[in-house]
Amino acid sequence: MEFMGYKRPDGSVGIRNKVLIISVDECCEGIARHIAKDFDDVVLLTNYYTCMLGGNEETFNQMIEVGKNPNVSACLVIAMGCGSILPEQIANPISKIGKKVLCMNCIESGGTKKSIELGKQMMNELVEYSNSFEREPVSIEKLIVGVKCGGSDTSSGIASNPSVGNMVDKFVDLGGTAIGGELMELLGCEEVLIERTKNKEVAEKIISLIKNEENRWSVEGTEVETMSIGNSIGGLTTLEEKSMGALHKMGSKPIIDVLQVNKDFIDKPKEPGFYLSEATMLCGGSAVNYASYGAQIIVWTTGGAGFNNPLIPVIRVSGNEDLINDDIDIDATGVMKGIEGINSVGDKIIEKIVQVANGSLTNVEGYGEATMSLYQKDQRVEKLLNIPCKR
Amino acid sequence: MGKKMMLMGDKDIVATALDDIENADIVSIMSSDNQELYTMEAKEDIPFGNKIALRNIEKGERIIKYNVPVGECIKNIEKGRLVHVHNVKSQRVDIPKAFKEEIIKQMNINTEV
């Protein structure tokens, strides 16, 4: 199977052709926003954490990897100039894979207004370069889909998650790559997960990375919601049952590896197939995690409405008749009513993925997109909990 | 065809309500591909999204849903009754007692049987 995508110099293939503006500190974001407003197909990524590099390495790594994402044609990297992250530190690894990248230091450029003027000139150059890309037929093996749930309710475990799981299996059979995440919501699923790999190291990784998430989110003296009373009234009896409902969206194919994102490195899929990952359970941050792994698209299951991203389109799947509206791309309510099978909804999701990859917009694409949230684990907490980064 | 419940895995011993089921309703147990497998009688109210016991389940048995254990039975459950926090506990991180009581109260679950 093929789709029409934008071939990038490194061999990856974009389904969108966006110029990415990276604000390496929050102080230059206003300048970046001012520059961006005159252009279409521009996406803004801002580091809101601190303008220092120390303790901010996971965010730093993600800014680079998002710049390398195949949906990005070219980048403008901006710094105010008084922080410790230099734009070139972000730009160099991105230009190394063949992308066009320009840098700007606002202080050196003579202040706010002059930087805006210069930034617009740079954007004209980048947009002209970006427009030189044209869609051409490529194999579906170049497509990487992130799978995520949120706003979950009874219908998620019965209709949307199993339908997405069905899609994942079919997509992998077609030669594509799918990535799941949210390890916190896989507590209790370890046995099922390790049965899906023959590789002992991957099995150990699954166990230890889920345990790390359990440790991060259950620090003594702090409260973490694993299940709400509303979840239980909706029919969920145990955390394992909730996790199994969530797991259902990850299909049944062998798990090739668990992709990690941390202060030292970010993994990428090495071959087509199904991967687990450390993509966070928090929706906004997960999109940037998935973009960092190289995913071009996200399939999101929900009770209703919710989450969107400006760089990697989000296909929304819901089976909740009461909350469904024109934000939802795939209507899985037929499964709840007992008039449509999961197999049939799975086929529809595959069809939608190919359409969106070819350039069709999702129902909310271009409207009210979420911030590109750069979520990272707090290095001080990681150290206190003695959670190491290791491959 | 009357009210429906869905079997999520072929080894499951519970099915999930796709309608609000009332005591004495005859319900259709459906496969996930929407085929009716058989019918059975509900022995109490089972609200939408909740689970029914497809056979008698004994204390100590593991509750199988999605073909895997999702909890442990802590009190014998008769076929046709509600399977929930009053007769099943987590084998991993159980719901705190006070929350369980609140769920039972809000759902008006009969814990005497």
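The values are calculated or read from the model by the stated rules, or taken from the named source; none is laboratory data. All of these numbers come straight from a predicted model, not from anything done at the bench. Every residue, glycine as well, gets a Cβ built from its backbone with ideal geometry; the counts of neighbours run over all protein chains shown. Accessible surface areas use protein heavy atoms only, side chains included; no ligands, DNA or RNA. Shrake-Rupley method; radii C 1.70, N 1.55, O 1.52, S 1.80 Å.
Worth pointing out:
- Flag for B:GLU72 being touching a strand residue (DSSP E or B) at 6+ places or on another chain (Cβ under 9 Å), part of a strand (DSSP E or B) and of a type in the set (D, E, K, R): yes
- Take the conditions (1) at pLDDT 95 or above; (2) part of a strand (DSSP E or B); B:LYS43 misses just one of them, which is (2).
- Criterion: among the hydrophobic types (A, V, I, L, M, F, W, C) and over 22 Å from A:LYS337 (Cα atoms) - qualifying residue of B:VAL27, B:VAL14, B:VAL70: B:VAL70
- Qualifying residue in the stretch B:25-38 (condition: more than 11 Å from the chain's Cα centre (by Cα), in a loop (DSSP other than H, G, I, E, B) and at pLDDT 95 or above): yes
- Hey, A:LEU53 buried (at least 22 other Cβ atoms within 10 Å of the Cβ) and not in a helix (DSSP H, G or I) or not: no
- Only residues that are small (Gly, Ala, Ser), surrounded by 23 or more Cβ atoms within 10 Å (Cβ to Cβ) and more than 9 Å from chain A (Cβ to nearest Cβ) were counted in the stretch B:1-19, giving 1.
- Meets criteria (polar (S, T, N, Q) and buried (at least 18 other Cβ atoms within 10 Å of the Cβ)) for A:SER84: no
- Hey, B:LEU37 among the hydrophobic types (A, V, I, L, M, F, W, C), open to solvent by less than 10 Å² (accessible area, probe 1.4 Å) and more than 7 Å from chain A (Cβ to nearest Cβ) or not: no
- Selection count where residues are within 26 Å of the chain's Cα centre (by Cα), in a strand (DSSP E or B) and among the aliphatic types (A, V, I, L, M), scope the stretch A:96-140: 3
- Given (1) assigned to a helix (DSSP H, G or I); (2) away from chain B (no Cβ under 14 Å); (3) under 22 Å from A:ASN386 (Cβ atoms); (4) not hydrophobic (A, V, I, L, M, F, W, C), number of the condition A:LYS211 does not satisfy: (2)
- Checked against the criteria, B:PHE48 does not count as aromatic (Phe, Trp, Tyr) and over 13 Å from the mean Cα position of the chain (by Cα).
- Residue tally, condition within 12 Å of chain B (Cβ to nearest Cβ) and crowded, with 20+ Cβ neighbours inside 10 Å, over the stretch A:314-331: 2
- Selection of the stretch A:56-81 for residues being in a helix (DSSP H, G or I) and either open to solvent by 40 Å² or more (accessible area, probe 1.4 Å) or touching a residue at least 60 places away in the same chain (Cβ under 8 Å) (or both) yields A:GLU57, A:GLU58, A:THR59, A:ASN61, A:GLN62, A:MET63, A:GLU65, A:VAL66, A:LYS68.
- Test result for B:ILE26, over 19 Å from B:VAL85 (Cα atoms) and β-branched (Val, Ile, Thr): yes
- Strands (runs of 3 or more DSSP E) contained in the stretch A:236-335 and holding at least 1 residues closer than 21 Å to A:GLN376 by Cα: A:255-259, A:273-277, A:297-302
- Residue in the stretch A:235-247 that is open to solvent by 10 Å² or more (accessible area, probe 1.4 Å), within 12 Å of chain B (Cβ to nearest Cβ) and closer than 23 Å to A:GLU141 by Cα present: no
- Any chance B:GLY49 is assigned to a loop (DSSP other than H, G, I, E, B), within 8 Å of chain A (Cβ to nearest Cβ), touching a strand residue (DSSP E or B) at 6+ places or on another chain (Cβ under 9 Å) and without any contact (Cβ under 8 Å) to a residue 60 or more places away in the chain: yes
- Inter-residue pairs, beta-carbon under 9 Å, first modelled with pLDDT of 80 or more and in the stretch A:223-241, second open to solvent by 10 Å² or more (accessible area, probe 1.4 Å) and among the aromatic types (Phe, Trp, Tyr), 6+ apart: A:ILE229/B:PHE99; A:SER232/B:PHE99; A:GLY234/B:PHE48; A:GLY235/B:PHE48; A:GLU241/B:TYR66
- Extreme residue, modelled with the lowest pLDDT, among residues of the stretch A:339-384 that are outside any helix (DSSP H, G or I) and surrounded by fewer than 14 Cβ atoms within 10 Å (Cβ to Cβ): A:GLY368
- Output for the stretch B:20-32, where each listed residue is open to solvent by 60 Å² or more (accessible area, probe 1.4 Å) and of a type in the set (S, T, N, Q): B:ASN23
- Comparison of A:GLY334, A:GLY303 shows that the only residue that is within 14 Å of chain B (Cβ to nearest Cβ), in contact with an Asp or Glu (Cβ under 6 Å, 6 or more places away or on another chain) and closer than 15 Å to A:ASP153 by Cβ is A:GLY303.
- B:GLU61 meets all of the listed conditions (1) out of contact with any Phe, Trp or Tyr (no Cβ under 9 Å at 6 or more places or on another chain); (2) more than 26 Å from A:VAL345 (Cα to Cα); (3) surrounded by 15 or more Cβ atoms within 10 Å (Cβ to Cβ); (4) facing another protein chain (nearest Cβ under 7 Å) but one, namely (4).
- Reported count of residues in the stretch B:85-101, each being within 8 Å of chain A (Cβ to nearest Cβ) and part of a loop (DSSP other than H, G, I, E, B), is 7.
- In the stretch A:98-134, the residue that is nearest to A:LEU236 (Cα to Cα) out of those that are open to solvent by 70 Å² or more (accessible area, probe 1.4 Å) and basic (Lys, Arg) is A:LYS113.
- Residue satisfying all of: in the stretch A:141-163; outside any strand (DSSP E or B) and either on the phi > 0 side of the Ramachandran plot or of a type in the set (A, V, I, L, M) (or both); nearest to the other protein chains (Cβ to nearest Cβ) among these: A:ILE158
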